[in-house]
Amino acid sequence: MSFNLAIFGATGLVGETMRSILEERNLPINNIYFFASERSAGKKIKFLDKEYQIIELSEENLKREKIDYALGALDSSLAKKFLPLAAKLGIKIIDNSSAYRMDEDKPLVVPEINPQDAQYEGNIIPSPNCSTIQSVVALYPIYKKYGIKRIVYTTYQAVSGSGKNGLEDLERGMKGQENIFYPYPIIGNVLPHIDDFLENGYSKEEMKMINETKKIFHDNSIKITATTARVPVKTSHMVAINVETKEDFDIKDIFELYKNADGIVLYDDLKNLKYPMPIIAAGKDPVYVGRIRRDISVEHGLDLICVADNMRKGAALNTIQILESLIK
């Protein structure tokens, strides 16, 4: 069954990645529309060897086109302005922004875990934060088999997570120029600072990971803490995860779980120095999991790392996978 699709924010990094992934996947798209800001309106972009004109994102233009589904790649303020308008027009939107993730009446969906949640009656379906997505994909096999009591996240996040501004600051640093976007140079440095700081000392990014994990798993009993940091890498986030399970496990069984897990590549062979790194995951769809070992400091503890392309699985791909689950 063919459908009409729109991308809101088609010219940003996430929007560009959405376009690229859609070209790779065989979705029954009838008509496609690319929306962006007024300054981009009228410019031409190519999709599947055909040229399209960018449309200004406005209520009038949304009403004029017949759209069934939309992929949202807007920042939160624009998402809050335009997504309710689109939803009222009957457009089902899968939203990559943080605007609606923690709304109680909306699901937060990762297709490897809870695709059924996307089938709710509302028209706005939020997709989680990039670092949350890859982490919960890596944790879900453990959660299903052994249960989880506590999680400690430590992230090493690429500058593309900040959009084009982050990439440009890294480029400036590589040329010996001063930083403009980040508060300190990112080249040769690590910033333990992603998004604004809150009164409790955590950053918004850290609280996103904590709250979103609980929501996706439908489990508020899990104790979670997080520290997020920005590193001078262009693409792909790494997350070190320490887990305390409810039930004991054999470490060999953990490896077996990951061999058959959806959306995961087990990448762990220490004798041959095989472990996940950003250069392994960049441009790829799966979440790479490795450095798996028992945490020797606690009875039912486990350590691992996961790495994924933050622009693909962490953003654009997850929204497209949600779309695919809906049209099935």
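The values are calculated or read from the model by the stated rules, or taken from the named source; none is laboratory data. Keep in mind that what you see is a predicted model, and the values were worked out from it rather than measured. Reconstructed Cβ throughout: ideal geometry from the backbone, glycine too, with neighbour counts over all protein chains shown. Only protein heavy atoms, including side chains, enter the accessible area calculation; ligands, DNA and RNA are left aside. Shrake-Rupley method; radii C 1.70, N 1.55, O 1.52, S 1.80 Å.
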I'd like to check something: does the stretch 236-246 contain any residue that is at pLDDT 95 or above, of a type in the set (Val, Ile, Thr), under 17 Å from the mean Cα position of the chain (by Cα) and farther than 25 Å from Pro107 by Cα?
no
Pick from Pro111, Pro141: which is in the same structural domain as Ile32 (by the TED database) and either assigned to a strand (DSSP E or B) or open to solvent by 10 Å² or more (accessible area, probe 1.4 Å) (or both)?
Pro111
How many residues does the stretch 71-100 contain that are under 19 Å from Arg312 (Cβ atoms) and open to solvent by less than 40 Å² (accessible area, probe 1.4 Å)?
8
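For (1) in a helix (DSSP H, G or I); (2) under 22 Å from the mean Cα position of the chain (by Cα); (3) of a type in the set (Phe, Trp, Tyr), each residue gets a yes or a no:
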site	(1), (2), (3)
Ala10	no, yes, no
Gly15	yes, yes, no
Arg19	yes, yes, no
Asn26	no, yes, no
Leu74	no, yes, no
Ala86	yes, no, no
Ser98	no, yes, no
Asp103	no, yes, no
So, Ser297, is that one outside the structural domain of Gly72 (by the TED database), among the small types (Gly, Ala, Ser) and closer than 13 Å to Ile133 by Cβ or not?
no
Go through the stretch 181-221 and report how many residues are in contact (Cβ under 8 Å) with a residue 24 or more places away in the chain, among the hydrophobic types (A, V, I, L, M, F, W, C) and open to solvent by 40 Å² or more (accessible area, probe 1.4 Å).
2
Might you check whether a residue that is open to solvent by 50 Å² or more (accessible area, probe 1.4 Å) and outside any strand (DSSP E or B) occurs anywhere in the stretch 125-136?
no
